[in-house]
Every structure is written in C-alpha cells, then in structure tokens.
Amino acid sequence: MARPKKCRRICALPRHDTFGPLTGGGGTTVEMAVEEYEAIRLMDLLGCTQEECAAQMGVARSTVQQVYDTARRKLALALVEGRRLTITGGDYALCPQGEVCPGRNCARRDCGGGRCGCGVCSHPEGPECDGQNSQKLLK
C-alpha cells in the first residue's frame, strides 16, 4: 500500500490562474497544480535553494525537485506550443497567517496576513504595504 501524499504548504494562491496566447491558442490546456506554481515562485522568482523551498513547503528536498521539474516542463510546454496554462488543484494547504508561518519567503506574512494590495498576495483588501513587498521581490 502506498503512503498517502503529504500536503504541501502554500503561502498564497496565485493572483491570476489562467495564462495563454493573445490570439489562437490551439491545443489542449496545460494544467499546473498550485504546489507546482509555489515551487516556481520560490525557486525561480525568489531565488530559494531546494532546501529552503522544501522547508517552506514542509516536504523533502527530493519532493521539491520532482514538483519543480514537473512545473518547469508544463511551463515550457505552454510557452513553446502556445497553449493556455491554468493553475488549479493539487495537494496543498495554505500556511497559517502571521508570525507562526515557518517560511522566510511567506507572501501572506510579509503582507500583513495576506491582506494588502502590493501584488504579492491574493487579497487586495485591507492595510496597504506601500509597495514594499513588491520591491523585495525585485531585489
């Protein structure tokens, strides 16, 4: 009997969940799981190592490598073949808000519990961070 899948910890849902070509867009839709999106966000955008990403997501480094490889393949397929990419589903749990989150790259914690309009988190309402979190991502 196989072990049950362990839920991956996700710090914020994507602001946009569908991407695609402006015209045409033939072929089938590529579906990326939310935890695959999180691996891309942490490793490619924020520059985390596999070990840091694994600690953030609450899984083993080998699991992160597998999730990351799958996400990169799906992203490449969508870009090269001009397919629509949707981010949906998966085995994940949103991290707890505030200081109890163990991740140093937590978008929810950096944005006051995920309630600002900085563009990092998925919740536009609430206190503003004056774009400080967006600047952190670009550095």
>> Sort Leu79, Leu13 by Cβ crowding within 10 Å, fewest neighbours at the top.
In response: Leu79, Leu13
> In terms of modelled amide H atoms, which long-range or inter-chain residues lie less than 5 Å from the amide H of Arg9?
Replying inline: Gly58, Ala93
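Taken together, the values in this text are just the output of simple stated rules run on the coordinates, not laboratory data. Source: prediction; values computed, not measured. A quick note on method: Cβ atoms are made from the backbone with ideal geometry, for glycine too, and the neighbour counts reach across all protein chains shown.
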